[in-house]
Amino acid sequence: MTLLLLALAIAVLLAIRVPVPFAFLGPSLVYMAIEGQSLGMALRTVTNAASSFPLLAVPLFIFLGALANHAGIADRLFRFAQALLANVRGNLGYVAVGTSVGFAWMSGSAVADAAALGKVQIPAMIRAGYGRRFATGVSATSALIAPVMPPSIPAVIYAGLAAVSTGALFAASVIPALLMAIGLCIVVWMLVRRMHNVKKGTFDRAEFVASSKGVILPLIAPFIILGGILGGFFTPTEAAAVGVVYIALVGVLQRSLSLKSFIKALTETATTTASIMIIVASASLLGYILARERLPQILTELVFAITDSPIVFMLLVALLMLILGTVIDATAILVLTVPIILPIANQIGVDPIVLGVLMILSLMIGLLTPPVGTVLFVTAAVSKTRIGEVFRGSLPFIVPLLVICVLIIAFPSAVMWLPGVLGL
């Protein structure tokens, strides 16, 4: 009964738009008081969650993405991709996807990707005759590649919670992320065929050479960061630190990163890190309560009463993540659900790495669905478009993402192929 009242209180607070950490923390503290649990226990649970060593990589990867944004790397990637595909009909749709893939190797955040690239891509597409709905839809959906493609901030959080190798999770995410890009390009091709006012451009060799010079140094960063992690030279935290130093040096050498921009990147990093950590802390206290109320054991019995099939179990997990992702922040969902779902997955025989890739991709789709839909709000803000219009533009592009979720469930060995090749 107490657990039911706790869930009801949290649901009411979320419904009236109380921020997620406070919606979790308030009822949890009331529960601790009613059950006679000391506030010292609550404080230890919260601080232990936030001081986890694997999470040290999170602010560094956030800083890496912020520096890349303020150093103008997103703009240069867009210019290069546009010059490369100038003579392809509907090129700006493919450029939006390709630029997101390139920026994802440095960003790790869908919100950062949507903000950095959306303000460049969307106006360019609208000027070239693409519809606003198409422009915002492809830009918003392409941003979801960033939290799946390594280095991924949700992957760092999942790896810490599940006690799995971050490098293995990064490697396992590469193929699904590339499939995302391919799927989005297929939808672009299908939609552009109907746009009779969109014409081919002309390949300009001089523009291509000029734009390529601006991306050579930034595109070395992924090889340093991911090569260092996957090759065993760096831990994810060390790789993030090296990446920050490298991108900062590139910004200084290319005279695109001023002291003012550097301070802005620091400020953004502090703000974003604080919001993530307060969610992790508050969700960990709620997770402690759920464990105390034996919810993991109850759910385990319930799942085994329904099925012992890994495929059915993963379908249920994907469906749960899709539903929860529409109303709760992805970080909070991971902190809450991984300790509950992972033991069941181990008993059924689902690889925790495959489970992590599936959970992250399913949750990221929630960034495009109201009422939470952070990427929807960011894209709407940078393009001065109504949220409903952005959502309708995103719907065709969500279809291939759902298909990839099904492919992960049906062919988990494909996800584990690259980690196996790399010996991770």
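The values are calculated or read from the model by the stated rules, or taken from the named source; none is laboratory data. As the structure is a computational prediction, the values presented were derived from the model and not from experiment. Neighbour counts are summed over all protein chains in view; Cβ atoms, including those assigned to glycine, are modelled from backbone coordinates with ideal geometry. Side chains included, ligands, DNA and RNA excluded: accessible areas come from the protein's heavy atoms. Shrake-Rupley method; radii C 1.70, N 1.55, O 1.52, S 1.80 Å.
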Trypsin sites (Lys or Arg not before Pro) restricted to DSSP loop in segment 367-421 with at most 15 other C-beta within 10 Å
384, 386
Computed helical MRE - 222 nm, the chain, DSSP H runs ≥ 4 contributing -39500 (n - 2.57), nearest 500:
-24500 deg cm²/dmol
For a bin width of 10 Å, list the pair-distance distribution of segment 322-370 built from all Cα-Cα distances, rounded to whole %.
27, 53, 19, 1
With Cα atoms, 0 to 90° folded angle of helix 73-84 axis to the chain main axis
50
Cα-Cα separations in segment 1-69 greater than 21 Å, expressed as whole percent
47
Express the carbon and sulfur contribution to the solvent-accessible surface of the chain as a percent, rounded to the nearest whole number, probe 1.4 angstrom.
71
Based only on Cα atoms, what Rg/Rh ratio does the chain have, Rh being taken as Kirkwood's radius?
0.98
Measuring with a 1.4 Å probe in the full set of protein chains, what accessible area per residue, in whole Å², belongs to segment 294-424?
42
So, with +1 on the Cβ of K and R and -1 on the Cβ of D and E, and no other charges, what is the size of the charge dipole of the chain about its Cα centre, to the nearest 20 debye?
1680
Could you state the number of Å between the C-alpha centres of segment 181-250 and segment 16-44?
43
Taking the dipole about the Cα centre of the chain, with the C-beta of Lys and Arg at +1 and of Asp and Glu at -1, give me whichever of 123, 265, 316 is farthest to the positive side.
123
Kirkwood hydrodynamic radius over Cα pairs of segment 1-135, then Stokes diffusion coefficient at 10 °C and 1.306 mPa s, in µm²/s
85
How much of the calculated P(r) for segment 223-277 lies past 17 Å, in percent of all Cα pairs?
51
Nearest 10, in degrees from 0 to 90: the angle of helix 374-383 to the longest Cα principal axis of the chain is 30
Karplus 3J(HN,Hα) series, Hz, for segment 312-329 with 6.51 cos²θ - 1.76 cosθ + 1.60 (x for Gly, Pro)
5, 4, 5, 4, 5, 5, 4, 4, 4, 5, 4, 6, 5, x, 7, 10, 10, 4
Of the convex hull drawn through the C-alpha atoms of segment 86-193, the volume per residue in Å³ is 90
I need the Debye-formula profile for segment 262-347: one equal scatterer per C-alpha, no solvent, reported as log10 I(q)/I(0) at q = 0.12 1/Å, two decimals.
-0.46
Calculate one ³J(HN,Hα) per residue across segment 195-204 by plugging θ = phi - 60° into the Karplus curve 6.51 cos²θ - 1.76 cosθ + 1.60, and present them in order as whole Hz with x for glycine and proline.
8, 6, 8, 8, 10, 5, x, 10, 5, 10
With every protein chain present, what is the per residue accessible area of segment 152-281 (1.4 Å probe, Å²)?
50
Degrees separating the helix 153-162 axis from the principal Cα axis of the chain, which is the longest one
30
Sort 352-363, 104-115, 171-182 for me by packing, meaning the mean count of neighbouring Cβ atoms within 10 Å per residue, highest on top.
104-115, 352-363, 171-182
Pick from 231, 40, 366: which is most flexible by mean-square fluctuation in a GNM of the chain where alpha carbon atoms under 10 Å apart are linked?
40
